[in-house]
Each structure stands twice: as C-alpha cells, then as structure tokens.
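In what follows, a structure is listed as structure tokens, so that the remarks can point back to it.
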Amino acid sequence: MQLVLIRHADAEPESATTMADFGRAITPLGRRQARDTAVWLASSMSEPLHLLLTSPLVRTVQTAEICAAALPGATVAVAEALRSGQTTMAQVALVRTLRATTGLVGHEPNMSELACALLERRSLPFAFAKGACLLLAATAEGFGFVSYRAPFGNLVTSL
C-alpha cells in the first residue's frame with residue numbers, strides 16, 4: 001500500500017466573500033499546481049490511486065477534484081480528520097484505517113506533522129510546498145519515504 005500526502009494548491013486570500021478561511025478557492029496558479037502534481041502521480045505511482053480523502057475546506061476539495069480528474073477511477077471523499085487544526089493523532093488514526101493506496105489532501109502544518117509522525121522523524125528536510133505531494137510506502141514497521149515532489153519538478157528521492 002502507498003500513501004500520498006498532498007498539500008492543497010495555492011489559494012486566494014481570506015476575504016469577506018470567502019466565508020473566512022473555509023471558502024478560499026484555489027487560484028489559477030493553484031489549478032496548474034494541482035494538475036501538475038496529479039499528472040506526476042499518475043505516471044509515478046506503483047499502485048493505482050483510487051481514493052483521495054480531503055479536508056472539507058474549499059481549497060482542499062478543489063485540489064483533490066483536480067487530482068482525481070487525472071487519475072483513472074479516482075474518487076474524492078471528505079474526512080473531518082484532515083480539517084485544518086485537527087490533531088496529528090486524529091490523522092494517524094485515519095491512516096490506520098486505510099487498507100488500499102490512498103491520497104490525503106490537507107493543510108500545513110498538518111501534512112508535515114503527519115509525515116513526521118508516520119516516518120518517525122522530528123522534521124522534514126524540506127518545506128511542504130503548496131500543491132506538493134509526499135509519497136510513502138507501507139512497510140512491516142510502518143511507512144517509508146519514497147519521494148517528495150513540489151509542483152513543476154522539484155523532486156526529492158531520499159531523506
């Protein structure tokens with residue numbers, strides 16, 4: 001099983017029309033970031049990605065939907081554990097329920113903190129960029145690092 005952690009793509013700033021933080025949509029740059037990440041995932045994963053679980057916030061749902069459109073057979077579902085401000089423990093509990101390759105679309109610092117918890121690290125050697133993805137593989141001990149890719153090509157293949 002593989003696990004993909006995806007940070008939502010670039011989003012518009014908070015304003016009176018965005019329902020505070022909840023309704024912030026992704027920008028045109030964010031749409032390009034999400035498409036680029038999805039195309040890379042489609043060509044790089046060793047197993048098909050059929051499910052993207054996402055925070056309920058608009059920018060994460062939009063990022064997940066754009067990614068799903070590029071991944072044959074992928075669907076999107078909301079997971080409250082991925083909402084901004086949820087605890088890492090709640091997100092790790094969600095991961096423990098997964099039985100197939102899945103993508104999780106969320107926020108910072110949540111995605112970095114979840115990655116550190118799953119990899120048993122104190123920190124990551126890179127900043128988790130908007131629209132970026134971190135690919136992990138299940139091991140007998142938990143999860144191992146496969147790769148990290150920021151949109152438009154910045155790839156890390158070892159920690």
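Values quoted throughout were computed directly from the atomic coordinates according to the rules given, and no laboratory measurement underlies them. The structure presented is a predicted model; accordingly, all values stated were derived computationally and were not measured. In this analysis, Cβ positions are derived from the backbone assuming ideal geometry, glycine residues included, and neighbour counts consider all displayed protein chains.
Taking the DSSP bridge list for the chain and keeping only pairs wholly inside it, about 50 percent are antiparallel. Share of pairwise Cα-Cα distances greater than 23 Å in the chain is 29 percent (whole percent). Semi-axes of the equivalent ellipsoid of the range 82-159 are 18, 15, 12 Å, computed as sqrt(5λ) over the eigenvalues of the C-alpha gyration tensor in descending order.
What does the charge dipole of the range 2-156 about its Cα centre add up to, to the nearest 20 debye, if the Cβ of each Lys and Arg holds +1 and the Cβ of each Asp and Glu holds -1? It would help to have the intermediate numbers written out before the result.
Working: 13 positive and 12 negative charges, 30 e Å.
Charge dipole of the range 2-156: 140 debye, to the nearest 20.
Against the chain, whose longest principal axis comes from its Cα atoms, helix 88-97 is set at around 60 degrees.
Below 8 Å, C-alpha to C-alpha, sequence gap of six or more: please give me the relative contact order for the range 96-145 in percent. Don't skip to the end; give the middle numbers.
Numbers: 23 pairs, mean separation 13.7, N = 50.
Dividing the mean separation by the residue count of the range 96-145 yields 27 percent.
Rg of the Cα atoms in the range 59-124, relative to 2.2 N^0.38 Å, amounts to 1.14.
Normalised by the number of residues in the chain, what is the relative contact order in percent for Cα pairs under 8 Å and 6+ residues apart?
Numbers: 336 pairs, mean separation 47.6, N = 159.
The normalised contact order for the chain reaches 30 percent.
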